[in-house]
Amino acid sequence: MKNKSLISINDYSKEDQLKILEVAEEFEKKPVQNILQDHVIASLFFEPSTRTRLSFESAANRLGGKIVGFSEASNTSVKKGESLRDSILTVANYSDLIIMRNPLEGSARFASEISPVPIINAGDGSNQHPTQTLLDLYSIKKTQNKLENLHVAFIGDLKYGRTVHSLVIALCNFNTTFHLVSPQELKLPSSVKMFIKEKNLEYNQYVDIEDVTEKADVLYMTRIQKERFSDPLEYERIKDFYVLRKNMIENTKENLTIMHPLPRVNEIEIEVDKSPKAYYFQQALNGVYVRQALISLILGLK
Ligand code: CP
């Protein structure tokens, strides 16, 4: 993984992904390690973020590294018309590694092709969010004690949800049975389903959430991605299609883990947070350990 960009989750092999989870476990046991003190990380967020940006920054700070960057493009020379190419070539002069979130699908791949330093894709449009996937795998392994042979239900906006796309692709390595719950308009794209079909894995599509709650080992809730809709009225019509309520988890499996990449809008009732099955805030914390592992491995420090 040394010096290797991470743009799509399958840029890294199953073995690489498992190695990251193993190193993340070490960081969970000992989160403060001064191994990054001679390094500068650039954090370029052209799109809003709370968890991804701050957990990367927290990860770098806990390793003794320095962070430069921005959380909105409006304060940068992009505002004056600078191209992504020129921005990346410039920032690469100031840093050892670039973390970038950008609304344009394919922008992270483009950046990795021209950058002299490795790029980590922190989300490119509705395409991929590979570091979220690594922390999701870590969270599943921690709560289920395994990654193989699980029934995983994805619920919500499977069309635009980039965390869903990356995680489905990653779970194809672990003999997963997929339960895909969405409105007709927001089904998982064929380009992602292709990965499931290639591995001859089972998947079923549903509209009703009640059809999957009792089958699932993992319920992966997602919000409807307002920012990807061209028609605001269409978003308003569909935004509360799924709300996971306390009574809906009463007859679920003992080992069920309820996950959500967050931010939550309205798709999980607050009452559900009290359930021991609700794992989304711990999931967000796991992002720090996994991102510490990823940064360390890419920079050859582990
Ligand atoms: N999960 C996630 O990507 O959250 P943010 O948009 O807050 O970074």
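Which condition number in (1) in contact with a helix residue (DSSP H, G or I) (Cβ under 6 Å, 6 or more places away or on another chain); (2) within 16 Å of the ligand (Cβ to nearest atom); (3) not β-branched (Val, Ile, Thr) is the one that ALA111 fails?
Single failed check for ALA111: (2).
Kindly list the number of the only condition in (1) farther than 19 Å from ILE9 by Cα; (2) surrounded by fewer than 24 Cβ atoms within 10 Å (Cβ to Cβ) that fails for GLU148.
Evaluating GLU148 over (1) farther than 19 Å from ILE9 by Cα; (2) surrounded by fewer than 24 Cβ atoms within 10 Å (Cβ to Cβ) leaves (1) as the failure.
What do you reckon, is ILE98 under 19 Å from LYS4 (Cβ atoms), in contact with a Ser or Thr (Cβ under 8 Å, 6 or more places away or on another chain), outside the structural domain of LEU21 (by TED's automatic domain parsing) and away from the ligand (no atom under 16 Å from the Cβ)?
no
Among the residues of region 205-218, is there at least one that is more than 27 Å from ILE270 (Cβ to Cβ) and in contact (Cβ under 8 Å) with a residue 12 or more places away in the chain?
Checking region 205-218: at least one residue is more than 27 Å from ILE270 (Cβ to Cβ) and in contact (Cβ under 8 Å) with a residue 12 or more places away in the chain.
Any idea which of (1) more than 16 Å from the ligand (Cβ to nearest atom); (2) in a loop (DSSP other than H, G, I, E, B) is the one LEU21 doesn't satisfy?
Condition (2) is where LEU21 drops out.
Can you tell me which residues in region 54-83 are over 30 Å from GLU26 (Cα atoms) and surrounded by 15 or more Cβ atoms within 10 Å (Cβ to Cβ)?
ALA73, THR76, VAL78
Restricting attention to region 231-244, does a residue exist that is part of a loop (DSSP other than H, G, I, E, B), under 16 Å from SER182 (Cα atoms) and within 16 Å of the ligand (Cβ to nearest atom)?
No: region 231-244 contains no residue that is part of a loop (DSSP other than H, G, I, E, B), under 16 Å from SER182 (Cα atoms) and within 16 Å of the ligand (Cβ to nearest atom).
Go through region 60-79 and give me each residue that's part of a helix (DSSP H, G or I), at pLDDT 95 or above and either within 13 Å of the ligand (Cβ to nearest atom) or more than 18 Å from PRO118 (Cβ to Cβ) (or both).
Within region 60-79, ASN61, ARG62 meet the criteria.
Looking only at region 188-224, count every residue that is under 25 Å from TYR279 (Cα atoms) and surrounded by fewer than 18 Cβ atoms within 10 Å (Cβ to Cβ) and tell me the total.
Count: 10.
Within the bounds of region 43-53, is there any residue that is crowded, with 22+ Cβ neighbours inside 10 Å, away from the ligand (no atom under 16 Å from the Cβ) and under 21 Å from ALA111 (Cβ atoms)?
no
The values are calculated or read from the model by the stated rules, or taken from the named source; none is laboratory data. Computed from a predicted model, the values in this text were never measured in an experiment. Reconstructed Cβ throughout: ideal geometry from the backbone, glycine too, with neighbour counts over all protein chains shown.
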